[in-house]
Amino acid sequence: MTQGLKEVKQFRRERNDAFHFNWLLKIEESFQHPFDPTHENMAKLQLNHDVPTHELA
C-alpha cells in the first residue's frame, strides 16, 4: 500500500496533476445512469455468478 501510494504521488507530480481529484478517472457511460430501485427493476437484474464482477457494480 505504501509503495503504491508513493508511485501515485510520483505519477501525479510528474504530470502536474491534482492530489485531491483524479482527473484521469474514466467511468463508462453505463455506470453513469441512475438506477431506480423499484420492485420491477430489481426483478429484472441478472444477479448470478456468471455475470462479471464489474457488471454487478
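Bear in mind that the values in this text are calculations on the coordinates, not laboratory data. None of these values were measured; they are calculated from a predicted model. No Cβ is skipped: glycine too gets one built from the backbone with ideal geometry, and neighbour counts run over all protein chains shown.
For labels at Gln46 and Asn22 in the simple 7 Å Cα→Cβ model, what's the distance in nm?
2.6 nm
Which semi-axis lengths, in whole Å and largest first, follow from the square roots of five times the eigenvalues of the Cα gyration tensor of the chain?
Working: eigenvalues 256, 44, 15 Å².
Semi-axis lengths for the chain are 36, 15, 9 Å.
If you take the beta carbon distance between Lys6 and His54 as r and set R0 to 22 Å, what does 1/(1 + (r/R0)^6) give as a FRET efficiency, to the nearest 0.05? List each step's numbers first, then the result.
Numbers: r = 27 Å, r/R0 = 1.23.
My answer for the efficiency is 0.25.
On a 0 to 90 degree scale, rounded to 10, what angle separates helix 2-14 from the longest Cα axis of the chain?
It works out to around 70 degrees.
Could you tell me which of His33, Gln10, Asn48 has its Cα farthest along the dipole of the chain towards the positive end, charges placed at Cβ (Lys, Arg +1; Asp, Glu -1), taken about the Cα centre?
Gln10
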